[in-house]
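Only one structure is covered here, and it is reproduced in the block below.
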């Protein structure tokens, strides 16, 4: 009986498939038949002097030509019209490149979400995921309100995107007869005279960079951070700390002018954001993780650390791959010009450093601890990417590989140092990956830049040269930038976190942390089938769960 | 009737199942369990830190058989689950008072 029924259903399925295929074939042949008569109407367009023959061009060699140049007399453009068109095309390519690479960087948010959630515990997945999700929306809003204006309001003309000098208002301080740009003052809400295609493209690109920095601390502070506190932080970083430091480096501020004002190389150079994005994120993460204290159970009373393995290695590895893919937007996109063909060098340097970062972290962990640790290999690849972000435009492939290799070892060493010596609990290694290797990245630029690129960078003539290529002052500028980044970002973030913690409390209660943040903080389990329905699991402590945070952490603080 | 509970290594489940079904056992229940015996747990490394896994993952297999078949089933399980190394598991046998097949209401050995 069952055998007959299953035979019947197999037959039925075959008949349905055959019917669907038949219908598709019939429809396809009809569509092709409809295509043929479309040729003749070409003769109807009599206005053009020489109507192009409408025949298909499967090889693509004949598509696009003089007739496609916008001209008063079609097919006969004047020199001026051709030049106009060429200029418009150049800016189109650059704008398109900037937008497309910006879209790639936007997707890195998904990578961060997966890495951070995979390397933390199952009881907190909804909370960790939603921090990574909402930072995109929150950060963007804050950046639109005032972040972009503070960062880029005084940029001046943007040569690759049409040279519009709409962002022309920088707040400067005069010291020693030199101008120190501190923050921009134009572009709030992208309103008024900044309602412009080039400015909007720049906004999109800079916004996704800011969001990358903003999502880094959520990893180091995961599994114990109040969601409400995280929301306020999202506005704080996107509206204040990030934009101000980014202004100093990318918005025409004082660090970028160290070359012009004091003869220190090309000023602080950070091609795609080892310091501006990653070190800012990593140092903010450090301040946040210090103020939050370690997770319950992380440290024993004698101060020794307990590993708390993440719940989903595949998720973390997939996230790493998405990040590595997004980095092709991050670094090559930072030319802000698709016509700047250095992008091929930048892209190759980026991938080489990611490879050596992963390889060297693998061998380091294997040799030192017996097995190639998956989460550390992921951290190693990310560390290589973070480190090459600043120097990617200025170094040869050999040095790119070396920079990645150093970061692969550095990240493993730093993660263990931060955990066991500094006793700071960073569940995903965000401080080691982004903070430490962000610093290594900008410093390595000051060492290995080979003088093949960067003529006129930050308004200084000549190419960018590091210490080993006859540019010691460039290294000094890099050191100043690194120290400034740490001092300003750590100071500002630490004060913010401390004050917020004292006034509102940043940490969930002990009960919430032990139960998992998903239901108490977000109202839903990340994995209901595994953890049981919320009503069952949560019933026991429902009344006391939303009690205000009490400093129940004392025994675990352990330092 | 006897209830036989076997705690075995997870990767040995298929071997044990095949041995039992080959001997005409028509039903069994398995569950994923964790535990330790004399081998205790073992240590692993995560991000450079050592941690101890106290409770190792095992499979618990439960079979109920008539008294006369109990010894054979225990022997089959023991043979199929054995690797010879530490942590192979244990087999427990206990007397069983009753059994009911819910669908038909049959009692005793005819319910097996």
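No value in this document is a laboratory result; all are computed from the given coordinates. If you're wondering where the values come from, they're calculated on a predicted model, not measured in any experiment. All Cβ positions, glycine included, derive from the backbone under ideal geometry; neighbour counts span all protein chains shown.
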C-alpha long axis of helix B:70-81 to longest principal axis of chain B, angle in °: 30
Chain B: angle of helix B:13-22 to the longest principal axis, Cα-based, in degrees nearest 10: 20
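Indicate the gyration tensor shape class of the stretch B:2-111 (rounded, prolate or oblate), computed on the Cα atoms with a ≥ b ≥ c the square roots of the eigenvalues: a/c under 1.5 is rounded; otherwise a/b larger than b/c is prolate and the rest oblate.
Prolate.
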The stretch A:449-492: mean projected area of Cα convex hull, nm²: 3.4
Value of [θ]222 nm, deg cm²/dmol, for the protein assembly as shown, DSSP H segments ≥ 4, -39500 (n - 2.57) each, nearest 500: -16000 deg cm²/dmol
Shape of the stretch A:234-358, Cα gyration tensor, a/c cut at 1.5: oblate
The stretch A:194-239 and the stretch A:64-101: distance between their alpha carbon centers, rounded to Å: 36
Contact order relative to length of the stretch A:340-410, as percent, for alpha carbon pairs under 8 angstrom and 6 or more apart: 46
Separation of the residue A:397 and residue A:304 label points, Cα + 7 Å toward Cβ, nm: 4.7
Chain A, relative contact order in percent, only Cα pairs under 8 angstrom and at least six apart counted: 18
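Hey, fewest Cβ within 10 Å first, where do A:335, A:463 land in order? Could you put the intermediate results ahead of the total?
Numbers: A:335 21, A:463 18.
Ordered by Cβ neighbours within 10 Å, fewest first: A:463, A:335.
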Distance between modelled label sites at residue A:122 and residue B:83, nm, 7 Å Cα→Cβ extension: 2.3
Chain A: C-alpha gyration tensor shape, a/c 1.5 cut-off, then a/b vs b/c: oblate
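Within 10 Å of each Cβ in peptide A:304-314, how many partner chain Cβ atoms are there on average? Round it to a whole number, please. The partial results should precede the final answer.
Values: counts 2, 5, 5, 9, 4, 6, 2, 0, 0, 0, 0.
Per-residue shielding by partner chains comes out at 3.
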Relative contact order (percent, whole number), chain B, Cα cutoff 8 Å, 6+ residue spacing: 42
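Stretch residue B:91-residue B:54 to full length: gain in nm at 0.36 nm per residue minus the Cα-Cα span? Show your work: numbers first, answer last.
Working: separation 37, 0.36 × 37 = 13.32 nm, distance 2.07 nm.
So the chain would gain 11.2 nm between residue B:91 and residue B:54.
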